[in-house]
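Everything below concerns the one structure shown next.
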Amino acid sequence: MDILLWLLLPIAAFSGWLTAKKNQKSRSMSTIEPPQRPLPADYFKGINYLLNEQSDKALDTFIRLLDDEQDSVETHLALGAFFRRRGEVNRAIQIHQHLTLNQQLSTEQRHLALLALGQDYQHAGLLDRAEALFSELIKAQAHQVFACQQLRAIYEQEHDWDKAIATTQRLMQSQKQDNAAELNAIIAHYYCELAEQACYQKDDATSSTMLQKALANDATCVRASLIEGNLALRQGEALQAIKAFRRVEHQNARYVSETLQPLQQAYQQVEKTAEFADYLRWVLSHYGGITPLLLLSEHIQHSEGKDVAIEEMVQHLQQQPSLKGLHHFVELCLSKQAADEENKLHLCKTVTEQLLINKRAYLCHECGFSSQTLYWLCPSCKQWNTIEPIQGMDGMV
Ligand SMILES: [Zn+2]
């Protein structure tokens, strides 16, 4: 990649020079044709410094050139971007800052320089400065879509969810709703973040309002239903919790496994465990999975005893072999304390335990990132709503 950049640099310099010449030509069409000038020798000097890894000297040469050659803006934009891509952000900032101070720039060129400088600041982690530049561009109605996208990324990084919402809404307006559903789903996550913050501060009323807004933006927002269910559960409103958790099945059935444990708690609170067992059987027959199986087994243990539970597990394991299922089966048998088999079973349990450690339960369908925790924003590819429970794995692990 680096070699390719090296090769492209003289071309960038030359094309910048050509563009400058063309601009100069079109500006002076009505007057006298300017004499043809050769590519300034200092360009080659500067590029030579770059090739010899003497970035400081190269930078000085190019900045001097910028002062002498007012029409080489495009070349300097290319050079600045080149420094940034090489990770030399401070040098990119120097070039672009120098450009923005140039009084000769056209409005369009100045906006391009501001855009580039904003990206430099963003790379350098100077988020306040980047935010100011991108906001200035939006105010000037220049490069609105790109500036909004960058601002959104900054606000996400700063966890400033209110501003992230406002920026995404502005982005939707400027993109004329090309990807409105996708952006609405992201806004719903921002409201979920606000709802979680409010939950954490025990401000349940704000949390509920934020969840309503999340669902108004994206009716399929699973996360909002999960937060709502857990909030209701905490408030002792089991029926409301059940309603919220059962909504997930219609929003995205892949996440049903996430609702089952809190649902068990809610059904226990209203003393409707038999109804919950029926629901588990229904989930098992429709979606399979290990979570409903283990919870059903727990229910059978309490209501009909260990022998029946073991018998059920044998049947399920034959139909749907799984490591977690086997582990649970061994635990069930061990708890019956059949003395002669106990040692063998202990060995089995140690093996299944070891095999289950570090098993990934969630997978990002965009970048392949896997984890044991459900993240709504993928830590690897930074996209929302791309991580899902591993369906097959849930059953086959
Ligand atoms: Zn990802």
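Order these by the 10 Å Cβ neighbour count, fewest first: Val314, Val256.
Working: Val314 11, Val256 22.
Fewest-to-most Cβ neighbours within 10 Å comes out as Val314, Val256.
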Residue by residue through the stretch 114-125, the couplings from Karplus 6.51 cos²θ - 1.76 cosθ + 1.60 with θ = phi - 60°, in Hz, x for Gly and Pro, are 5, 4, 5, 5, x, 5, 4, 4, 4, 5, 7, x
Relative contact order (%) - criterion: Cα under 8 Å, at least six apart; region: the stretch 164-277: 18 percent
Considering only Cα-Cα distances, which of the following residue pairs are longer than 19 Å: Lys139/Lys382; Lys139/Lys163; Lys306/Lys336; Lys139/Lys213; Lys324/Lys359? Lys139/Lys382; Lys139/Lys213
Would you mind listing how long the stretch 257-343 runs along its three principal axes, going by Cα atoms, in whole Å with the largest first? 41, 25, 18
Label zone at Ala181, where the point sits 7 Å out along the Cα-to-Cβ direction: the stretch 252-290 residues whose backbone N lies under 18 Å: 252-255
Assign one of three labels to the stretch 179-270, namely rounded, prolate or oblate, based on the Cα gyration tensor with a ≥ b ≥ c the square roots of its eigenvalues; rounded applies when a/c is under 1.5, prolate when it is not and a/b is larger than b/c, and oblate otherwise. oblate
Would you work out the relative contact order for the stretch 272-357, in percent, from Cα pairs under 8 angstrom that are 6 or more residues apart? 22 percent
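Where a number appears in this text, it was derived from the coordinates with a stated rule and is not lab data. All figures in this text were calculated on a predicted structure; none of them were measured in a lab. Every residue, glycine as well, gets a Cβ built from its backbone with ideal geometry; the counts of neighbours run over all protein chains shown.
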